[in-house]
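The values are calculated or read from the model by the stated rules, or taken from the named source; none is laboratory data. If you're wondering where the values come from, they're calculated on a predicted model, not measured in any experiment. Cβ placement follows ideal geometry from the backbone for every residue including glycine, while neighbour counts extend to all protein chains displayed.
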Amino acid sequence: MPRLHCFLFLATFLCFAGVFVAGDGEADPLYKDCVEQCKKSGCVGNRCFQHCKFSSDGKPIDGPWYTNEPLYLRWKQWDCQTDCRYYCMQSREEERIKLGDKPIKYHGKWPFRRVYGIQEPVAVALSALNLAMQFHGWVSFFILVYYKLPLRPDKKTYYEYTGLWHIYGILSMNSWFWSAIFHSRDVELTEKLDHSSAVALLGFSLLLAILRAFNVRDEAARVMVTAPLIAFVTTHILYLNFYKLDHGLQMKVCMLIVFTHLLIWAIWACISKHPAQWKVWLVVVGGNLAMLFEVYEFPPYMGYVDSHALWHATTIPITYLWWSFVRDDAEFRTSTLLKKVR
């Protein structure tokens, strides 16, 4: 059975041979003309925007545009250019559909349909569900190790990785929080926070995999493993935030970390006799299959559900299963250590 698991693991990674490439809609002459006309007239078809009306000195007429909108829409702060781009994109896509053409990307983004000012409503909802699932997993782990399992005389847990899993839980919730914010409104700040929190979580997940899989408990050894990983992740985050927000580099770094992370857990599951190793296998195989949605992307169905949203959906059961393994691991390690003490 372990050999079959290893075969499935390697076969899944062999699928990462190609990437779907979409055209650049912003280069479409009809789209460009629409945006330019919108900036001048403030209208796309019969739809006009208050914040595209400027006085001779370049200031918006009637004050800041967002004060004229309903309260529940003011938070999004769309400006003239973004609204012109959005409605020109939607108009152009409707024309393309009538001609039988497939959707294309505009400024690196698929043509999503907004809901109450939210750019990607399905991705936001699924990010929120992932956040809730991470919170549930972390709280259940906290209750287990501090209230259900025996504690040492100094009130510390027997499980050696308790602190690391607490950090993992906090980083996970932070990552999904910024994911929800980013998919609500894609601006430079939210994009940087989303990318930074994601790579921080992935980097720490890799660190945790190394420490747990190789059972690294010596403090000096932990520092030797931790220092270069933290330096790498920190350098990458600083590069993204203060030098260049390179999406291609971000994807490569994240894929490399995820590949290494899952490979370590797969090898550990192959050789370990842990009672919950089957859960690790399900997470490894599920994680690889979920990665396919990130690699082989496709345009949003009906303007709402794309491959990235489906990736968000697949991580919900994986998260539940993963925290279940963490709890099982805490019980197993605690039981093993108690037997040695007695």
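Observations on the structure shown:
- Of all residue pairs spaced 6 or more apart or on separate chains, those with beta-carbon atoms under 9 Å, a first member in segment 298-317 that is of a type in the set (D, E, K, R) and a second member that is surrounded by fewer than 20 Cβ atoms within 10 Å (Cβ to Cβ) and outside any loop (DSSP other than H, G, I, E, B) are Asp306/Phe293.
- Any hit, segment 259-275, residues being aromatic (Phe, Trp, Tyr) and over 18 Å from the mean Cα position of the chain (by Cα): yes
- Pick from segment 86-110, criterion touching a strand residue (DSSP E or B) at 6+ places or on another chain (Cβ under 7 Å) and in a helix (DSSP H, G or I), ranking: farthest from Asn46 (Cα to Cα): Met89
- Looking only at residues in segment 131-159 that are free of Cβ contacts under 8 Å to residues at least 12 places away in the same chain and aromatic (Phe, Trp, Tyr), the one that is surrounded by the fewest Cβ atoms within 10 Å (Cβ to Cβ) is Tyr147.
- Any hit, segment 282-299, residues being assigned by TED's automatic domain parsing to the domain that holds Leu208 and in contact with a Lys or Arg (Cβ under 9 Å, 6 or more places away or on another chain): yes
- Taken over segment 293-342, the residue count meeting the criterion of being among the aromatic types (Phe, Trp, Tyr) and assigned to a helix (DSSP H, G or I) is 7.
Residues are listed down the side, and each one gets a yes or a no for (1) free of Cβ contacts under 8 Å to residues at least 12 places away in the same chain; (2) surrounded by 15 or more Cβ atoms within 10 Å (Cβ to Cβ); (3) of a type in the set (Ser, Thr, Tyr):
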| position | (1), (2), (3) |
| --- | --- |
| Tyr161 | no, yes, yes |
| Ser172 | no, yes, yes |
| Glu188 | no, no, no |
| Ala209 | no, yes, no |
| Asn215 | yes, no, no |
| Val223 | yes, no, no |
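- For segment 240-292, the set of residues classified as among the aromatic types (Phe, Trp, Tyr), over 20 Å from Asp328 (Cα atoms) and in a helix (DSSP H, G or I) consists of Phe242, Phe259, listed by residue number.
- Selection status of Trp281, closer than 17 Å to Gly137 by Cβ and either out of contact with any Asp or Glu (no Cβ under 6 Å at 6 or more places or on another chain) or acidic (Asp, Glu) (or both): no
- Count of residues meeting criterion [over 20 Å from Trp311 (Cβ atoms) and either at pLDDT below 95 or over 16 Å from the mean Cα position of the chain (by Cα) (or both)] in segment 164-184: 4
- Restricting segment 255-289 to residues that are without any contact (Cβ under 8 Å) to a residue 60 or more places away in the chain, in contact with a His (Cβ under 9 Å, 6 or more places away or on another chain) and closer than 19 Å to Gly203 by Cβ, the residue that is surrounded by the most Cβ atoms within 10 Å (Cβ to Cβ) is Gly287.
- The single condition among (1) assigned to a loop (DSSP other than H, G, I, E, B); (2) in the same structural domain as Trp322 (by TED's automatic domain parsing); (3) in contact (Cβ under 8 Å) with a residue 12 or more places away in the chain that Val124 does not meet is (1).
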